[in-house]
Amino acid sequence: MTAFEPFEAFGDLEEISERLDSPDPSVRRLAVIDLVETSSGEAIPLLVRAAGDSDAEVRLQTARALGEFDGVDVAKALAGALTDPATVVAQAAADSLAELRDSTASTVLLPLVTHSSAFVRAAIFRALKALQVSASLGPAIAALGDADAAARVQAVGVIGYLKTIETLPSLIHATRDEDADVRLAAINALSFARNEAAAQAAADALSDGEWQVRAVAAETIGRIGQISVATALIRSLDDGYWQVRQKALQSLGQLHARAAVASIIPFLDDPLPSLRKDAAAALGEIADPKASDALAARAQDEDPDVRKTVIWALGKIEARN
């Protein structure tokens, strides 16, 4: 958001206002650009006026411009633009709404969470996520039953940003949503909980049909920090997608899972340098002396990043034992 600074020499507001009434749409569009350049809060009423311009290009420029400002009036104008007949204008308004940081804007947004348009509902929850107001929690939980997957995804984002432990059952339920994007968002949001229930939900998602969801689940387990589900991560080292195997390696290192050492060592010979590096890093984090010989044998790896990580890992093991 642009901080409101003293109005400088970007043109007189009255003169810009006159250009907003020009019969030429290109003149009106340039006037909108000049309003942004003023960085003045006094430009907001003029931008609000321009949001109702008859020309779609002017409305598009205005929707983008409003993203540089904040407050209730801005929120009202952008919320209204969500139903603009031009899809590109509506999307620009949604993007600008997501930039709002003044929590008072929530008074405008909350009544719209049950709007008839799924696009509007999703955009509103996306904006509420950044505002992090507690009043949005109830509507977000209710929206987990929304018929539209995009709205459910954004509702999960609201819940995840608020980080309230009481919402954990709702998030866990969302990890089993029929839509992969909703499951992915819910699993990612579990990270704040850092307890057994959250870890188990993420572990269950390691068998999800979508590899992207499995990868996020593996990463989330490391952030939650519950060693009790390390066995599920070890099984994920056999996943068919290297991205899942990589996240599992990283999380096993974060968990200091000694039980995983024997399963990690073979990755020091993986064809992918990134997996060799992550295997070495994980062994360094775990710091089990049983990995020393295997690491030392790879100290001359052809990849410089792998070599550096192997040396680092050996140093970690020596320092801890």
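Details
- Computed over neighbours whose Cβ is under 13 Å from that of Ser116, the net charge equals -1, Lys and Arg +1, Asp and Glu -1.
- Local electrostatic count, Ala202, Cβ distance below 14 Å [Lys/Arg +1, Asp/Glu -1]: +3
- Point-to-point label distance, Trp242-Ser54, nm (Cα→Cβ direction, 7 Å offset): 5.9 nm
- Chain lengthening between Asn321 and Asp12 when straightened (0.36 nm per residue, less Cα-Cα): 104.1 nm
- For the range 105-259, with +1 on Lys and Arg beta carbons and -1 on Asp and Glu, the positive-most of Pro139, Leu252, Thr231 along the dipole: Leu252
- A cut-off under 13 angstrom between Cβ atoms defines the neighbours of Ser54, and their net charge, with Lys, Arg +1 and Asp, Glu -1, is -2.
- Calculated Kirkwood radius over Cα pairs in Å (choose from (1) 22.5; (2) 21.3; (3) 23.1), label: (1)
- Think of the chain as a dipole: +1 on every Lys or Arg Cβ, -1 on every Asp or Glu Cβ, centred on the Cα centre; then among Ala92, Gln243, Thr38, Gln243 lies furthest on the positive end.
- Estimated FRET transfer efficiency (His173, Asp21; beta-carbon r; R0 51 Å; 0.05): 0.45
- Average accessible surface area per residue within the chain, 1.4 Å rolling probe, Å²: 45 Å²
- Taking the C-alpha atoms of the range 36-84, convex hull volume expressed per residue in Å³: 63 Å³
- Of the solvent-accessible surface of the chain, computed with a 1.4 Å probe and all protein chains present, 51% belongs to carbon and sulfur.
- Pairs beyond 32 Å (Cα-Cα), from Lys76/Lys163; Lys129/Lys308; Lys129/Lys247; Lys163/Lys308; Lys163/Lys247; Lys247/Lys308: Lys129/Lys308; Lys163/Lys308
- Counting only residues at least eight positions apart within a chain, or on another chain, the aspartates and glutamates with an alpha carbon under 13 Å from that of Lys290 are Glu318.
- Cα Rg, Dmax (largest Cα-Cα span) when computed across the range 138-197, Å: 10.1, 30
- Net dipole in debye of the range 86-192 [+1 Lys, Arg Cβ; -1 Asp, Glu Cβ; about Cα centre; nearest 20]: 160 debye
- FRET efficiency, 1/(1 + (r/R0)^6) with R0 41 Å, evaluated for Thr83 and Ser228 via beta carbons: 0.25
- Computing FRET efficiency as 1/(1 + (r/R0)^6) for Ser274 and Gln132, where r is the C-beta to C-beta distance and R0 is 51 Å, gives about 0.90.
- Extension gain for Ile33 to Glu166 (0.36 nm times residue separation, less C-alpha to C-alpha distance): 43.4 nm.
- Per the Debye formula on identical point scatterers at the alpha carbon atoms of the range 164-321, with no solvent, log10 I(q)/I(0) at q = 0.16, 0.18, 0.19 Å⁻¹ is -0.81, -0.95, -1.02.
- Sequence-separation-based contact order of the chain, relative, with Cα cut under 8 Å and 6+ spacing, percent: 8 percent
The values are calculated or read from the model by the stated rules, or taken from the named source; none is laboratory data. Remember, predicted model here, so these are calculated numbers, not experimental data. So basically every Cβ, Gly included, is an ideal-geometry build from the backbone, and we count neighbours across all protein chains shown. SASA here: full protein model, heavy atoms, side chains in, ligands and nucleic acids out. Shrake-Rupley method; radii C 1.70, N 1.55, O 1.52, S 1.80 Å.
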